[in-house]
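Where a number appears in this text, it was derived from the coordinates with a stated rule and is not lab data. As the structure is a prediction and not an experimental result, all values here were calculated from the model. Methodologically, a virtual Cβ is constructed for each residue, glycine included, from the backbone with ideal geometry; neighbour enumeration extends over all protein chains shown.
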Amino acid sequence: MNILVSGAGIAGLAAALELGTRGHDVTVVEYGRHLRLAGTPIDIRGDAVETAEKMGLLAEIRGRRLRMTESTRFVDSDGEPVGRIPVARISDSDDDIEILREDLMRILADALPDTAAICFEDSIGALAESGDGVSVRFASGRTRRYDLVVGADGQHSAVRRLVFGPEEDYLRHLGVYIALAALPDGTRSEDVNSIYNVPGRLAGTFWYKDKAVAVFQFRSEPLAYDRHDLDAQKKIVIDTFADHQSWRIPELLDAVRADPDFFFDSASQIHLPSWHRGRVVLVGDAGYSPAFLSGRGTSLALTGARILAEELDRCGGDHTAAFERYEARQRPYVTFAQDSVDGGRERMLPTSWSAIAARNEALRAADTDRR
Ligand SMILES: Cc1cc2nc3c(=O)[nH]c(=O)nc-3n(C[C@H](O)[C@H](O)[C@H](O)COP(=O)(O)OP(=O)(O)OC[C@H]3O[C@@H](n4cnc5c(N)ncnc54)[C@H](O)[C@@H]3O)c2cc1C
């Protein structure tokens, strides 16, 4: 089949790999100028580890395994450690793998077969299904017909908007925003990754290989902003932390100002009654974002891409049957992931100084028990 995938993130690349290796002709359209490699480490958990093995990628993924969470400390305003993240409580098992988002993206992209190609700086402008295919008009103006369209374009999916309706109908805001900014070279001053809390907010530094990233999270009601206006998003973060000049916050806000690849988004879930309509199907955050607080978005993207490709194979071209089977097999993973976000928010973003102190006390007690 001739298949168009919208979005070259984890879900899009995994879908292109799985569909391409099964002999389909796959085009991935990505609106970025290049692969968007930003991000803190992400997790491959539970059945997604087995999925990575079936995809033939597990050895390479294991080779780039990190143990960042284990080396992350909550710190006070002097940078002194006040608690460790309880890894045992957030992992499903010792088999869980933490890896840089960038590394997983590269592993997937390098594994793409000749039958899959990525087309950058373009996106789907309109699509219409008729007869035995979908006609697509791209933002660049070109048009083409495909047998199937896979929407893997993330939490704010354009395919979902075009086919299923406005984002507001499906997006459930969890009351938290995240921002990431690259730190300039040479700013490393500690051996551990640090997270510093003020009520309802955190700022942190993560170091890996030769790179460093500043992380911000804060609680907030839904904010209205233009997702294509980077300066407006930077201003939100800068204003949110303006009254907090403690620890390294001023320096990290400078990194926000300077980073052209600055990333900002909400912790939101996508809840759709069905992930397919006609010849269009959604994979990954586009269809069922569990929110970054769950730590399971990447695992869902991998299992989703694999199951979709397997079912298209099994159903021998009957896309309707394949989409239904994909949904039936993937839905339990999604429900589990979407149900597992609350602990993360309470642990990472206590709402008052006394709640921060209580969290630190609990972490220290848990640490003592472990020894
Ligand atoms: C730059 C970036 C940084 C991230 N950092 C983190 C992180 O630090 N921690 C974390 O837990 N999660 C992070 N995520 C989200 C995480 O990657 C996903 O939750 C998870 O891996 C599921 O992947 P996905 O492919 O469904 O979505 P995503 O990884 O979000 O990928 C979606 C892709 O679609 C592209 N796209 C979006 N709209 C369009 C469009 N209209 N047309 C064409 N392409 C489009 C995007 O540029 C992106 O490449 C990040 C995502 C991105 C894009």
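See the values below:
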{"item": "Gyration tensor (alpha-carbon) shape descriptor, the stretch 214-371, a/c threshold 1.5", "result": "oblate"}
{"item": "Per-selection metrics, the stretch 183-292 (Cα): Rg and Dmax in Å", "result": "16.9, 54"}
{"item": "Karplus (6.51, -1.76, 1.60) ³J(HN,Hα), θ = phi - 60°, over the stretch 99-104, in Hz, Gly and Pro reported as x", "result": "8, 4, 3, 4, 5, 5"}
{"item": "Mean separation of Cα contacts under 8 Å (6+ apart) over length of the chain, as relative contact order %", "result": "22 percent"}
{"item": "Contact order relative to length of the stretch 1-133, as percent, for alpha carbon pairs under 8 angstrom and 6 or more apart", "result": "39 percent"}
{"item": "Pairwise FRET efficiency - Arg22 versus Asp78, Cβ, R0 = 56 Å, nearest 0.05", "result": "0.50"}
{"item": "Candidates Gly20, Gly151, Gly133: whichever shows maximal mean-square fluctuation once the chain is modelled as a Gaussian network with Cα springs under 10 Å", "result": "Gly133"}
{"item": "The stretch 233-317 - Rg (one decimal) and Dmax (whole number), Cα, Å", "result": "19.2, 60"}
{"item": "Amide H within-cut-off set for Val5, under 5 Å, with H built and near neighbours excluded", "result": "Thr27, Val28, Val29, Val150"}
{"item": "Mean-position separation - Cα centroids, the stretch 114-155 and the stretch 1-15, in angstrom", "result": "10 Å"}
{"item": "Rounded, prolate or oblate (a/c below 1.5 giving rounded, otherwise prolate when a/b exceeds b/c) for the stretch 1-64 by Cα gyration tensor", "result": "oblate"}
{"item": "Amide H within-cut-off set for Gly154, under 5 Å, with H built and near neighbours excluded", "result": "Asp285, Ala286"}
{"item": "Net charge over other residues, Cβ less than 12 angstrom from the Cβ of Ala111 (K, R count +1; D, E count -1)", "result": "-3"}
{"item": "Cβ-placed point charges (K, R +1; D, E -1), dipole of the chain about Cα centre in debye, nearest 20", "result": "140 debye"}
{"item": "Rounded to whole Å, sorted largest first: equivalent-ellipsoid semi-axes of the stretch 44-150, Cα gyration tensor", "result": "41, 19, 14"}
{"item": "Efficiency of FRET between Glu129 and Arg106 - r from beta-carbon atoms, R0 51 angstrom, step 0.05", "result": "0.90"}
{"item": "log₁₀ of I(q)/I(0) at q = 0.23 Å⁻¹ - the stretch 108-177, Debye sum with one point per alpha carbon", "result": "-1.14"}
{"item": "Dimensions in Å of the stretch 135-226 - Rg and Dmax from alpha carbons", "result": "19.4, 54"}
{"item": "Integer Hz, Karplus 6.51/-1.76/1.60 couplings in order for the stretch 5-17, x for Gly and Pro", "result": "10, 9, x, 9, x, 4, 5, x, 5, 5, 5, 4, 5"}
{"item": "For the stretch 327-336, 3J(HN,Hα) per residue [Karplus equation, 6.51 cos²θ - 1.76 cosθ + 1.60, θ = phi - 60°, Hz, x = Gly/Pro]", "result": "5, 5, 7, 7, 4, x, 5, 5, 4, 4"}
{"item": "Antiparallel content of DSSP bridges confined to the chain, in %, to 5", "result": "70 percent"}
{"item": "Under-5 Å amide H pairs with Trp247, H placed in peptide plane, nonlocal only", "result": "none"}
{"item": "For the stretch 262-318 and the stretch 48-83, distance of Cα centres in Å", "result": "23 Å"}
{"item": "Three semi-axes of the equivalent ellipsoid, the chain, Cα gyration tensor, whole Å, largest first", "result": "36, 22, 19"}
